[in-house]
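Here the structure comes first, spelled out in C-alpha cells, and everything after it is commentary.
The values are calculated or read from the model by the stated rules, or taken from the named source; none is laboratory data. Note that the coordinates shown come from a computational prediction; the quantities given were computed from them, not determined experimentally. Heads up, the Cβs are rebuilt from the backbone with ideal geometry, glycines too, and the neighbour counts pull from every protein chain shown.
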Amino acid sequence: MRWFVRADLDGFFGLALDNLVQLLVIVNLCQHVLGFSENLVYQHILPGAAVSLLIGNLYYAYQAKKLAESAGRNDICALPYGINTVSLFAYIFLVMLPAKLVAEAAGAANPEYIAWQAGLMACFGSGLIELGGAFVVERLRQATPRAALLSTLSGIALTFISLGFLFRTYAHPVVGLVTLSVILLVYFGKLRFRGNIPGGLVAVILGVLLSWLMGLAPVGALPHNDLSLNLPIPAFGDLFAVLSSKDSLSYLSVIIPMGLFNVIGSLQNIESAEAAGDSYPTQSSLAVNGIGTLAASLFGSCFPTTIYIGHPGWKAMGARAGYSILNGTVITLICLTGSLSYIAWAIPVDAGMAIVLWIGIVIAAQAFQETPRNHAPAVVMGLLPGIAAWGAFMAKSGVRAADYGVAQMPAFSESMLARFQQSDIWMHGAFALEQGFIFTAMILAALTVAIIERHFIKAALWSGAASLLSASGLIHSYRWTVSDTALSLTPAWEWAIAYAVMGLLFLAAKWVCVED
C-alpha cells in the first residue's frame with residue numbers, strides 16, 4: 001500500500017475540517033469565556049495541541065502502513081485522530097473556569113494563568129487514565145457484543161454529528177444541499193469526476209465559492225493577529241506546580257469520568273474499524289492515544305486527544321494512510337503559525353460540512369450492517385441514550401437561548417423539570433440519561449443481546465455493572481449549575497436499585513418464564 005493515494009485528499013478535507021472546528025472552539029472559549037490572552041492561546045495552547053496531533057496522526061498512518069504490509073492488502077485506512085470534543089467543554093467549564101473564579105475570589109494576580117495550569121493538570125490526568133486503560137480494556141472489548149460497541153457510536157453519529165450538520169445544511173441550503181449532492185454522487189453513487197478530481201476537493205471548493213457568493217464568507221472582520229512561527233514550549237514547570245498544589249485533587253470528579261469516557265470511546269472506535277475490515281491492536285492504539293494526551297499537557301495544551309469516530313466513512317472514501325499524515329502536518333502548521341484565524345475568516349464551516357454529515361450517516365448505518373440481523377433491537381436500544389443526551393443538550397440550549405440562567409432570569413434548578421413535565425416531557429430522565437450515556441448505551445445494548453441469545457446470567461452481570469456504575473455516580477447522577485447540568489459523582493441510588501432488581505429478574509428468568 002502506498003503512503004498516499006488520490007482519495008487521501010478527500011479524507012484529509014473531512015478530518016481537517018473536524019480538527020479545525022475543535023481548534024476554533026478552543027480559541028473562542030479560551031479567549032471569551034476564560035479571558036486568556038492571545039499570547040497564552042497562540043504561543044502555548046495551540047503549539048501544545050500541535051505536538052499531540054502530530055504524534056497521533058503520524059503514528060496511526062505508520063500503523064496502517066504496517067498493517068497493510070503484514071496483511072498483504074492495499075485497502076487499510078488509518079484510524080482518525082483529533083481533540084476530544086466532550087473533554088474540551090468539560091475541562092473549560094468544569095475545571096478551568098471554576099479555577100479562575102476561585103483564584104479571582106482569593107485575589108490572585110493572574111487568575112487566567114492559574115486556570116490554564118488547572119487545565120494542564122486535567123489533561124495530564126486524562127492522559128494517564130488513557131495510557132493505563134490501554135493495558136486492561138481488551139478484555140472488556142472481548143466480553144462486549146459488537147452491537148453494544150457500534151450502537152453507542154451510532155447514537156453519537158446520528159445526533160451530535162448528522163442532525164447537527166443537517167440543521168446547518170437546511171439553514172444555508174444553497175451551500176449545504178449543493179455540496180451534499182456532490183458527496184452523495186461520489187460516495188453513495190460511486191461516481192467520479194472527469195480528470196479524477198477528488199470529490200471532497202470539488203465539494204470544498206464549490207462550498208467556498210458559494211459561501212462567498214451567498215455572503216456566508218468572509219466570517220467576521222479580518223483578523224489582526226500576526227503570522228509568526230510559535231514553536232512548542234515545554235510546560236513542565238507549570239504542570240509540576242499545579243500537581244504539587246493542595247488543589248490538585250479537587251478536580252478528580254471531572255478528570256476520572258472524562259478519562260474513562262475517552263478510553264471507552266476510543267475502544268468503540270477501534271471496534272468500528274475492525275467491523276469495517278481493519279483490525280488494529282487495542283493496546284498500542286490506545287497507548288499512543290494516551291501518549292498524545294500526555295504530550296499535549298507537557299507542552300501547554302489543556303485538551304485531551306482521542307481516536308475519532310468515522311473510520312468506516314474515511315475508508316469508504318478510499319482514504320488510506322496519507323490522509324492522516326496530511327491532517328497532522330497541515331493542522332500542525334496552522335497551530336504553529338497563528339494562521340487559524342485567517343483560515344476561519346476565509347473558509348466557513350459550511351464549505352465542508354457535507355463531508356462530515358456523510359461520515360455521520362455511514363457510522364450510524366454501520367451498526368446495523370456489521371452486526372447479526374437478529375441483534376437489530378439491541379442496536380436500537382444502544383442508540384437511545386445517545387439520542388436522549390442530544391435531546392437534553394438541545395433542550396438546555398433552547399432554555400439558554402431564552403436567557404434563562406443569566407442574571408435577570410432564574411438559574412437552572414428543579415423548577416425547570418416541572419415546567420417541562422407540564423408538556424409531558426420528562427426531562428429528569430433525559431438529564432439522568434445524559435450523564436455517562438456512553439456507558440449506559442453500551443450496557444443496555446449488551447444486556448439486550450444477552451437476552452436475545454438467552455444468556456440470562458450475562459444479562460444479569462451487565463445489569464450488575466450498571467448498578468455499580470450508578471452507585472459510584474459515574475452514570476445518571478447529575479447536579480445543577482447556573483446554566484447547565486453536570487455529572488455529580490454522588491451515588492444515584494434509585495437507578496442502582498433498579499438495575500440490581502433487573503439483574504435479579506434476569507437471573508430468575510429460567511424459572512419464572514417459559515419459552516413463547
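Could you tell me whether segment 157-179 includes any residue that is closer than 15 Å to Asp10 by Cα, under 27 Å from the mean Cα position of the chain (by Cα) and of a type in the set (Ser, Thr, Tyr)? Working first, answer last.
The first filter runs over segment 157-179 and keeps only residues closer than 15 Å to Asp10 by Cα, leaving 179.
If we keep only those that are under 27 Å from the mean Cα position of the chain (by Cα) as well, we get 179.
From the residues that got through so far, the ones that are of a type in the set (Ser, Thr, Tyr) too are 179.
For segment 157-179, residues closer than 15 Å to Asp10 by Cα, under 27 Å from the mean Cα position of the chain (by Cα) and of a type in the set (Ser, Thr, Tyr): present.
Looking at segment 345-366, which of its residues are buried (at least 22 other Cβ atoms within 10 Å of the Cβ) and of a type in the set (Gly, Ala, Ser)?
Of everything in segment 345-366, those that are buried (at least 22 other Cβ atoms within 10 Å of the Cβ) and of a type in the set (Gly, Ala, Ser) turn out to be Ala351, Gly352, Ala354, Gly360, Ala364.
Before we move on, is Ile26 farther than 24 Å from Ile161 by Cα and either touching a His at 6+ places or on another chain (Cβ under 7 Å) or crowded, with 22+ Cβ neighbours inside 10 Å (or both)? Write out each step before concluding.
Working: farther than 24 Å from Ile161 by Cα: no; either touching a His at 6+ places or on another chain (Cβ under 7 Å) or crowded, with 22+ Cβ neighbours inside 10 Å (or both): yes.
When the stated conditions are applied, Ile26 does not pass them.
Failed condition for Ile457, given (1) modelled with pLDDT under 95; (2) more than 19 Å from Ala90 (Cβ to Cβ); (3) out of contact with any helix residue (DSSP H, G or I) (no Cβ under 6 Å at 6 or more places or on another chain), with all others met?
(1)
If Leu239 passes every condition in (1) of a type in the set (A, V, I, L, M); (2) surrounded by 17 or more Cβ atoms within 10 Å (Cβ to Cβ); (3) in contact with a Phe, Trp or Tyr (Cβ under 8 Å, 6 or more places away or on another chain); (4) under 19 Å from Ile183 (Cβ atoms) but one, which one does it miss?
(4)
Mind checking which pairs have a first residue in segment 486-503 that is hydroxyl-bearing (Ser, Thr, Tyr) and a second that is assigned to a helix (DSSP H, G or I), Cβ under 7 Å, 6 or more apart or different chains?
Close Cβ pairs satisfying both conditions: Tyr499/Ser463; Tyr499/Ala466; Tyr499/Ser467; Tyr499/Ser470.
Would you check which residues across segment 190-203 are over 18 Å from Trp314 (Cβ atoms) and either without any contact (Cβ under 8 Å) to a residue 24 or more places away in the chain or not assigned by TED's automatic domain parsing to the domain that holds Gly318 (or both) and list them? Give the derivation first.
Of all residues in segment 190-203, those over 18 Å from Trp314 (Cβ atoms) come to 191, 193-197.
Selection gives Leu191, Phe193, Arg194, Gly195, Ile197.
In segment 262-304, how many residues are of a type in the set (A, V, I, L, M, F, W, C), in a loop (DSSP other than H, G, I, E, B) and over 30 Å from Phe36 (Cα atoms)? Give the steps one after another, and end with the answer.
To start, the set of residues in segment 262-304 that are of a type in the set (A, V, I, L, M, F, W, C) comprises 263-264, 267, 270, 273, 275-276, 286-288, 291, 294-296, 298-299, 302-303.
Filter again for in a loop (DSSP other than H, G, I, E, B), leaving 276, 299, 302-303.
From what is left, the residues that are over 30 Å from Phe36 (Cα atoms) are 276.
Total meeting the criteria: 1.
Can you name the number of the only condition in (1) at pLDDT 90 or above; (2) among the aliphatic types (A, V, I, L, M); (3) farther than 30 Å from Ile156 by Cα; (4) in contact with a helix residue (DSSP H, G or I) (Cβ under 8 Å, 6 or more places away or on another chain) that Val242 fails?
(1)
Just one of Leu489, Leu505 is in contact with a Pro (Cβ under 9 Å, 6 or more places away or on another chain) and either basic (Lys, Arg) or surrounded by 13 or more Cβ atoms within 10 Å (Cβ to Cβ) (or both); which is it? Don't jump to the end; show me each part of the working.
Values: Leu505 fails: in contact with a Pro (Cβ under 9 Å, 6 or more places away or on another chain).
Within the list Leu489, Leu505, the selection yields Leu489.
Can you tell me which of (1) surrounded by fewer than 20 Cβ atoms within 10 Å (Cβ to Cβ); (2) at pLDDT 95 or above; (3) under 20 Å from Ser297 (Cβ atoms) is the one Ser52 doesn't meet?
Condition not satisfied by Ser52: (1).
State all residues of segment 206-230 that are surrounded by fewer than 16 Cβ atoms within 10 Å (Cβ to Cβ), out of contact with any Phe, Trp or Tyr (no Cβ under 7 Å at 6 or more places or on another chain) and closer than 27 Å to Leu53 by Cα; if no residue qualifies, say none.
His224, Asp226, Leu227, Ser228, Leu229
Out of (1) surrounded by 15 or more Cβ atoms within 10 Å (Cβ to Cβ); (2) more than 30 Å from Pro372 (Cβ to Cβ); (3) among the β-branched types (Val, Ile, Thr), the odd one out for Ile233 is which?
Here Ile233 meets the rest and fails (1).
Would you point out the residue of segment 155-175, among those that are surrounded by fewer than 21 Cβ atoms within 10 Å (Cβ to Cβ) and aromatic (Phe, Trp, Tyr), that is farthest from Gly265 (Cα to Cα)?
Once the filter is applied, the top-ranked residue is Tyr170.
Could you tell me how many of the residues in segment 412-439 are assigned to a loop (DSSP other than H, G, I, E, B), on the phi < 0 side of the Ramachandran plot and not hydroxyl-bearing (Ser, Thr, Tyr)? It would help to see each step written out before you state the result.
Filtering segment 412-439 for residues assigned to a loop (DSSP other than H, G, I, E, B) gives 412-414, 422-426, 435-436.
Subsequent filtering for residues that are on the phi < 0 side of the Ramachandran plot retains 412-414, 422-423, 425-426, 435.
In the following step, the residues that additionally are not hydroxyl-bearing (Ser, Thr, Tyr) were identified as 412, 414, 422, 425-426, 435.
Counting residues in segment 412-439 that are assigned to a loop (DSSP other than H, G, I, E, B), on the phi < 0 side of the Ramachandran plot and not hydroxyl-bearing (Ser, Thr, Tyr) gives 6.
Residue check, Glu494 against (1) at pLDDT 95 or above; (2) within 19 Å of Ala395 (Cβ to Cβ); (3) of a type in the set (D, E, K, R), all met but one. Which one?
(2)
Looking only at segment 342-352, count every residue that is at pLDDT 85 or above and in a helix (DSSP H, G or I) and tell me the total.
Our first condition is that a residue be at pLDDT 85 or above; within segment 342-352, this holds for 342-343, 345-348, 350-351.
If we keep only those that are in a helix (DSSP H, G or I) as well, we get 342-343, 345-346, 350-351.
Counting residues in segment 342-352 that are at pLDDT 85 or above and in a helix (DSSP H, G or I) gives 6.
Taking Gly338 and the conditions (1) under 23 Å from Gly119 (Cβ atoms); (2) small (Gly, Ala, Ser); (3) under 21 Å from the mean Cα position of the chain (by Cα), which numbered condition does it fall short on, given that it satisfies the others?
(3)
Can you pull out the residues in segment 313-324 that are assigned to a helix (DSSP H, G or I) and either modelled with pLDDT under 95 or surrounded by fewer than 22 Cβ atoms within 10 Å (Cβ to Cβ) (or both)?
Across segment 313-324, the qualifying residues are Gly313, Trp314, Lys315, Ala316, Met317.
Quick one: would you say Ser228 is touching a residue at least 40 places away in the same chain (Cβ under 8 Å), part of a helix (DSSP H, G or I) and among the hydroxyl-bearing types (Ser, Thr, Tyr)?
On the way: touching a residue at least 40 places away in the same chain (Cβ under 8 Å): yes; part of a helix (DSSP H, G or I): no; among the hydroxyl-bearing types (Ser, Thr, Tyr): yes.
No: the conditions fail for Ser228.
Let's see how each residue does on (1) farther than 30 Å from Ser181 by Cα; (2) modelled with pLDDT under 95; (3) assigned by TED's automatic domain parsing to the domain that holds Ile161:
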{"residue": "Ala364", "(1), (2), (3)": "no, yes, yes"}
{"residue": "Leu384", "(1), (2), (3)": "no, no, no"}
{"residue": "Trp390", "(1), (2), (3)": "no, yes, no"}
{"residue": "Met394", "(1), (2), (3)": "no, yes, no"}
{"residue": "Val399", "(1), (2), (3)": "yes, yes, no"}
{"residue": "Tyr404", "(1), (2), (3)": "yes, yes, no"}
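Being assigned to a helix (DSSP H, G or I) and in contact with a Lys or Arg (Cβ under 7 Å, 6 or more places away or on another chain), is that true of even one residue in segment 60-67? Steps first, please.
Taking segment 60-67 as the starting set, the residues that turn out to be assigned to a helix (DSSP H, G or I) are 60-67.
Then keep just the ones that are in contact with a Lys or Arg (Cβ under 7 Å, 6 or more places away or on another chain); that gives 64.
Yes, segment 60-67 contains at least one residue that is assigned to a helix (DSSP H, G or I) and in contact with a Lys or Arg (Cβ under 7 Å, 6 or more places away or on another chain).
Among the candidates Gly207, Gly220, which residue alone is part of a helix (DSSP H, G or I), at pLDDT below 95, assigned by TED's automatic domain parsing to the domain that holds Asn19 and not β-branched (Val, Ile, Thr)?
Numbers: Gly220 fails: part of a helix (DSSP H, G or I).
The match here is Gly207.
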